[in-house]
Amino acid sequence: MAQTKIKKKAGGSADGFEQYGVSPELALDLLREMLLYRRFEEKAEEAYAIGKIGGFCHLHIGQEGVAAGSIKPLRTEDYVISAYREHTQALAKGVRPGPVMAELYGRATGASGGKGGSMHIFDRDVRFMGGHGIVGGQVPLATGIAWKIKYREEDNVVVCFMGDAAVNQGGFHEALNMAAIWELPAIYVVENNHYGMGTAFRRVSLTDMIEKASPYGIPASSVNGQDVLATYAHFRDLAEAVRSGGGPRFVDVETYRFRGHSMSDPVSGTYRPKDEVDRKTHEEDPIVLLRDRLFEAGHLDQAGLEALDTEARAAAQAAADFADQSPLPDAEALYTNVWAEINPHGRLNFDGRGASPWR
Amino acid sequence: MAQTKIKKKAGGSADGFEQYGVSPELALDLLREMLLYRRFEEKAEEAYAIGKIGGFCHLHIGQEGVAAGSIKPLRTEDYVISAYREHTQALAKGVRPGPVMAELYGRATGASGGKGGSMHIFDRDVRFMGGHGIVGGQVPLATGIAWKIKYREEDNVVVCFMGDAAVNQGGFHEALNMAAIWELPAIYVVENNHYGMGTAFRRVSLTDMIEKASPYGIPASSVNGQDVLATYAHFRDLAEAVRSGGGPRFVDVETYRFRGHSMSDPVSGTYRPKDEVDRKTHEEDPIVLLRDRLFEAGHLDQAGLEALDTEARAAAQAAADFADQSPLPDAEALYTNVWAEINPHGRLNFDGRGASPWR
Amino acid sequence: MAVMTYREALNAALREEMQRDPEVFLMGEEVAEYDGAYKVSKGLLAQFGPRRVVDSPISELGFTGLCVGASMAGLRPVVEFMTFNFAFLAIDQVINSAAKMLYMSDGQFPMPIVFRGPTGAALQLSAQHSIACETYYVHSPGVKVVTPATPADAKGLLKASIRDNDPVAFMEGELLYNFKGEVPDDQDFVIPLGVADLKREGSDVSIITHGKMVHVALQAAAKLEKVGIGADVLDLRTLRPLDVDAILASVRKTNRAVYVEEGWSYVGVGAQIVAIIQEEAFDDLDAPVLRVAQADVPMPYAKNLESMAKPSADRVVEACNRVLYRGAR
Amino acid sequence: MAVMTYREALNAALREEMQRDPEVFLMGEEVAEYDGAYKVSKGLLAQFGPRRVVDSPISELGFTGLCVGASMAGLRPVVEFMTFNFAFLAIDQVINSAAKMLYMSDGQFPMPIVFRGPTGAALQLSAQHSIACETYYVHSPGVKVVTPATPADAKGLLKASIRDNDPVAFMEGELLYNFKGEVPDDQDFVIPLGVADLKREGSDVSIITHGKMVHVALQAAAKLEKVGIGADVLDLRTLRPLDVDAILASVRKTNRAVYVEEGWSYVGVGAQIVAIIQEEAFDDLDAPVLRVAQADVPMPYAKNLESMAKPSADRVVEACNRVLYRGAR
Ligand SMILES: Cc1ncc(C[n+]2csc(CCOP(=O)(O)OP(=O)(O)O)c2C)c(N)n1
Ligand SMILES: Cc1ncc(C[n+]2csc(CCOP(=O)(O)OP(=O)(O)O)c2C)c(N)n1
Ligand SMILES: [Mg+2]
Ligand SMILES: [Mg+2]
């Protein structure tokens, strides 16, 4: 069976706004957003360095265009689900910076009460569905969320983010096939930063990313995630098509990770040469690209930019202060929310701490 | 990245031998083989009906052309691995009918000592690698066998059989991708009988079978498995290509199951109408098709056919007699071959039967 | 009261709960057009349609994860595994997603979902189709485990499991599907999770068990009675929550216990029950608690080997004699 | 003798066995060009090349199955799981293929293969990265399970596991990789599977454990010594084969035992050890055998909650006091 492939990449062109039907005001909002993500992640980086954040911490720096461009076109009722590199996606979906940072700090005020941490940010109110740590694990979950949308005959969509390495997981294949045969309202987004930890995508695939959905008959497209306007326009159209019953979509969003895989991983190393990282960082920063466009078109000047940036830094700092001032979870929290329903009969907990006459 | 797709189906034409470079003698051998498979499975069917075979029993009747056409071109050093519908593939690879039938009977003389049964026939000597019961489970195993061939720099190939339903398993996807990136000498064969138990393939896939290998960049082809000559020629060429370092191949072999999924499943039912089954059975029997060709070309006459069939029936009967006369496994066999190495220290078995002072 | 098979009881439970709650749906291989590989879902497609009774591709990890996601989003899925043996492919979504979602989100996502299907051996299905899978599910907090042995328990416990707001691994048995028994017709006949059932009473020894083995234990108890030994047969019915009080009450009465389980005993459910008994009823025990289980080997195909591998009433009787110090030690 | 880290000891074992036997190869995520996510395979790519040190895609089920197939065909693969938490995706190929192949084929296919990687918790990695996975592997016959606690054991046992002809789940610990200790240089320093190690001797109570918890047990023993209590610390080292004699010898000496395990206790390894002790040393026990384990919850992220969730030396001391009837019951 044949399938659409929008092989031609959207975006990347120099001019800007009309082409994508993005107003200057909206463009400025997107810049404001991306600045927030950047400053937020830099704060997290700082906090990790001084031990306020523990465990694994995967920064999104360099990939902000993907979060802003793909999530901002969505409605609050739409769902977003992601992997462990999800801080800025949470912010984009409307989770407040304070609770996100507090979650990284492992505080009671965190989005997940401090129990989830950096990899497991959840916010039911804005339908941010996590934050999942098993590579590819969120893809079947997203398909189930899409199943619920269709089951309840809602007109929402679910956007599922994954990294380029996740497409080699069997669950990806199984989930996309089911989304296709049941025409579910899901948009599967590969944040293609070309590396899974130290493994270049080309070492684990003979084909281009856009081929990965072909056996399922899911329309696939590719967009430059460093061009937030192109990305925004692309997702605005995709969301519309999916919302109106067009079935699932697969999107290869080309981007680049400006930092190491996690805090313990050097920015550049054996697996990607310094000059590659430098070139990407200098030439393909989504924030710089949009800034220049706005400058050129005269919608923004240096003073305006600095105002926006000051605002972003302040928000990031406020988030850090909020986290700092928040308490650790109470000891009781250790045992809460293991079960949604404590059955009146029988024993559910077996660590014997206190339970038996012998403890 | 592009990939070859031999969309045009090989075979199916009325004439015969030269076209496929198959000599009349070879064609007669293939007929002899298929008759054996057919009579063997009919015997198994009989034996199951009277309780001599237990558990699940999946017959290959109707699909004999796939086994003969794809395995006969192979060398003894080549490997074959399959799922649970593997009796005739075992015969084709050179496992003797007696031990195969004895395995179905659960006798000590069975190919797997009676411990494996119908779904788990193994014969190391002829490199028949089983007989696996988890749908799709054999596909990564085959990839590992191909890995060993390349690791040892041998010029063998492995042929991996699976049903059409197995391509929806994640392991299929993961395994084919690895075979592709490492250029392993594996031929992945879908015995496409269009149904997985009661589920028609079109209900679980929007695309045709030949699309299933496209994301991996593995050349895919399709052949009519009811036409054993076409199938033979196709696999002879494939094996050559793979043997000489051409990397993996994916083949959609179109066939049809003339019996129910297993002995407990009716031949036709809600999921496939009687007339479909009847039409296929009467018009696409691989044995009848080859017989008619040989008749037309004057290489065989009724008497010759009857001689071959008598031979096949005798072999099947001999296998059944061998199984019948074989003993059940000794009681000791329960505990043999759980471990290849019984470590001199410590306890490996914990059923406490006999072990503790308390038993 | 109506007499029906275990299969019909499960079918009735599914039917009633699907009627009662439109958010409940059933997904699995062959559950719809084929009426279920073991016909447990017979007639449900006809009654509820393809939206609520769904044939899945053979994609255990995928459809399990799909249902976990649907539960996260507010539906109440029932996942049918053709057998739990195939669920090894899907267990990541049970243990890493379903069992942890509520905790990782600190209460934001309750996960009402039932994973059901046969566990353990049938007849000559060999090594890859005969594993008793209880240990793999019961070990992890966040998953409840239910193992009904009779039609009434099957119905009452499946209804309770579907109404429960946590993930439940509901483990049936191929060899139980045709088993007949009395079942209350009451639409609200629900057996609460966490209540064991004393299937037979006796004062000399406690035979504690779950699932299919309840019937082996009852055979053993009948044999023991012939020689004047009275055995409690305590069916745990649910392994998490666990009715510890019922276990202790029986052991305090008999001072002797044997656990019977279908699967491997090494790090099996029985080991845990033994640990609880010796910890919480140490002074009540007159003998060690023994376990009767499958031979510690993959399940062989051959009829004679398979029947040797399975736990038998005779082995249970023998174990009871040991803990009663009857016959040679 | 050389002093090296647990990481270096594993690296040395891999290096020596790969030198010794050309059929041994290592496959896993990031094992080659990245030198291993935890640098256990540092330098092996440089020494042995990409044919024998292989970076896999993130396809746990696939590369595990591939290695199982390679083992079937005669090679001796070492599979690295970045952590065993990710191996839930691959467990079907371990339990249904690797563990059963020899038996299903009645001896035709020995399966020499090692599945190795960290199990259990590190620091604040949260619920999906902190599971102690022993139970999931040790329950099934056909798989050996090895859990080294020190550099010397890591080296000697990994060499033995690679030379063994059965599947071995070799479970390490992220928090152990930097742990230093003396290790024999001898190329043939191999510790046979099935031999426990008495890491510390005492006569009052037996602290039995495995893996990472050996160090917690040793801390507890040191604390106990301060109050005049002598504890055996018995490191099982391998969970299958299991050194039952060493367990019984220690318990017969002290008449009191505590099992310490990193993971959940419900149907955990400790339950099995308790069952064995009470069965085979019933009359030697002066108190029930207690278990100290992780809180029965998914591992939380917050630092304070995580440290509460983990087993601690203080909890071990407390349990020892209980079995010694010291302090309030
Ligand atoms: C099943 C599984 N295997 C391995 C890991 C370890 N791991 C965490 S992230 C990662 C790389 C993923 O790369 P990609 O999907 O490209 O996402 P990115 O980090 O680039 O955003 C790996 C191997 C894991 N978390 N889960
Ligand atoms: C993982 C797994 N899921 C389900 C089953 C049950 N099952 C056995 S065969 C089968 C259908 C397979 O169909 P197909 O792959 O087309 O092979 P065919 O039977 O047509 O030869 C199913 C669902 C199984 N054995 N393994
Ligand atoms: Mg990536
Ligand atoms: Mg089929």
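So here's what we get for this one:
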{"quantity": "Selection status of B:Asn193, out of contact with any Asp or Glu (no Cβ under 6 Å at 6 or more places or on another chain), farther than 25 Å from D:Glu60 by Cα and surrounded by 24 or more Cβ atoms within 10 Å (Cβ to Cβ)", "calculated": "yes"}
{"quantity": "From the options A:Asp208, A:Asp227, residue that is out of contact with any His (no Cβ under 6 Å at 6 or more places or on another chain) and either among the aromatic types (Phe, Trp, Tyr) or surrounded by fewer than 19 Cβ atoms within 10 Å (Cβ to Cβ) (or both)", "calculated": "A:Asp208"}
{"quantity": "Residue list for the stretch A:261-306, restricted to those being touching a Lys or Arg at 6+ places or on another chain (Cβ under 7 Å) and of a type in the set (S, T, N, Q)", "calculated": "A:Ser268"}
{"quantity": "Inter-residue pairs, beta-carbon under 6 Å, first at negative phi and among the basic types (Lys, Arg) and in the stretch B:102-114, second part of a loop (DSSP other than H, G, I, E, B) and at pLDDT 95 or above, 6+ apart", "calculated": "B:Arg107/B:Gly114; B:Arg107/B:Ser326"}
{"quantity": "Hey, C:Lys155 in contact (Cβ under 8 Å) with a residue 12 or more places away in the chain, basic (Lys, Arg), more than 14 Å from chain A (Cβ to nearest Cβ) and surrounded by fewer than 24 Cβ atoms within 10 Å (Cβ to Cβ) or not", "calculated": "no"}
{"quantity": "Odd one out for D:Phe282 among (1) surrounded by fewer than 24 Cβ atoms within 10 Å (Cβ to Cβ); (2) more than 18 Å from B:Gly352 (Cβ to Cβ)", "calculated": "(2)"}
{"quantity": "Among residues of the stretch B:150-189, those that are touching a Gly at 6+ places or on another chain (Cβ under 7 Å), over 20 Å from D:Arg52 (Cβ atoms) and not aromatic (Phe, Trp, Tyr), counted", "calculated": "12"}
{"quantity": "Matching residues in the stretch C:90-131 - criterion: being touching a residue at least 60 places away in the same chain (Cβ under 8 Å) and among the hydrophobic types (A, V, I, L, M, F, W, C)", "calculated": "C:Val94, C:Ala98, C:Ala99, C:Leu102, C:Ala121, C:Leu123, C:Leu125, C:Ala127, C:Ile131"}
{"quantity": "Conditions (1) within 13 Å of chain B (Cβ to nearest Cβ); (2) in a helix (DSSP H, G or I); (3) more than 16 Å from ligand 1 (Cβ to nearest atom): number failed by A:Arg202", "calculated": "(3)"}
{"quantity": "Hits in the stretch B:134-165 (condition: more than 8 Å from chain D (Cβ to nearest Cβ) and within 14 Å of the chain's Cα centre (by Cα))", "calculated": "B:Val135, B:Gly136, B:Gln138, B:Val158, B:Val159, B:Cys160, B:Phe161, B:Met162, B:Gly163, B:Asp164"}
{"quantity": "Total residues in the stretch A:292-334, condition without any contact (Cβ under 8 Å) to a residue 40 or more places away in the chain, within 30 Å of D:Met299 (Cα to Cα) and surrounded by fewer than 19 Cβ atoms within 10 Å (Cβ to Cβ)", "calculated": "4"}
{"quantity": "Sole exception among (1) surrounded by fewer than 20 Cβ atoms within 10 Å (Cβ to Cβ); (2) modelled with pLDDT of 95 or more; (3) within 14 Å of another protein chain (Cβ to nearest Cβ); (4) in a loop (DSSP other than H, G, I, E, B) for B:Val338, by number", "calculated": "(1)"}
{"quantity": "Residues (among the aromatic types (Phe, Trp, Tyr) and either within 16 Å of ligand 2 (Cβ to nearest atom) or within 12 Å of chain B (Cβ to nearest Cβ) (or both)) located in the stretch A:205-235", "calculated": "A:Tyr216"}
{"quantity": "Filter result for B:Ala323 (within 14 Å of chain C (Cβ to nearest Cβ) and part of a helix (DSSP H, G or I))", "calculated": "yes"}
{"quantity": "Odd one out for A:Asp125, checked against (1) closer than 22 Å to A:Ala333 by Cα; (2) part of a loop (DSSP other than H, G, I, E, B); (3) not hydroxyl-bearing (Ser, Thr, Tyr)", "calculated": "(2)"}
{"quantity": "Lone unmet requirement of (1) over 22 Å from A:Val157 (Cβ atoms); (2) in a loop (DSSP other than H, G, I, E, B) for A:Leu74", "calculated": "(1)"}
{"quantity": "Candidates B:Gly62, B:Gly116 - the one that is within 13 Å of chain D (Cβ to nearest Cβ) and either within 16 Å of ligand 4 (Cβ to nearest atom) or under 17 Å from the mean Cα position of the chain (by Cα) (or both)", "calculated": "B:Gly116"}
{"quantity": "Criterion (out of contact with any Ser or Thr (no Cβ under 9 Å at 6 or more places or on another chain) and under 29 Å from D:Glu29 (Cα atoms)) met by exactly one of A:Val139, A:Val66", "calculated": "A:Val139"}
{"quantity": "Test: residue in the stretch B:227-244 that is among the aliphatic types (A, V, I, L, M), over 30 Å from A:Arg202 (Cα atoms) and modelled with pLDDT under 95", "calculated": "no"}
{"quantity": "The stretch D:236-251, residues that are in contact with a helix residue (DSSP H, G or I) (Cβ under 9 Å, 6 or more places away or on another chain) and within 13 Å of chain B (Cβ to nearest Cβ)", "calculated": "D:Leu236, D:Arg237, D:Thr238, D:Leu239, D:Arg240, D:Leu242, D:Val244, D:Ile247, D:Leu248"}
{"quantity": "Matching strands (runs of 3 or more DSSP E) fully within the stretch D:160-271 where at least 3 residues are within 17 Å of D:Ser312 (Cα to Cα)", "calculated": "D:205-209, D:231-235, D:257-260"}
{"quantity": "Boolean, A:His132 is within 16 Å of ligand 3 (Cβ to nearest atom), closer than 26 Å to A:Met197 by Cα and either without any contact (Cβ under 8 Å) to a residue 60 or more places away in the chain or not in a loop (DSSP other than H, G, I, E, B) (or both)", "calculated": "yes"}
{"quantity": "Of residues in the stretch A:248-289 being part of a loop (DSSP other than H, G, I, E, B) and in contact with a Leu (Cβ under 7 Å, 6 or more places away or on another chain), the one surrounded by the fewest Cβ atoms within 10 Å (Cβ to Cβ)", "calculated": "A:Arg259"}
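The values are calculated or read from the model by the stated rules, or taken from the named source; none is laboratory data. The structure displayed is predicted, hence computed values, not measured ones. Cβ coordinates were reconstructed from backbone atoms using ideal geometry, including for glycine residues, and neighbour counts include every protein chain displayed.
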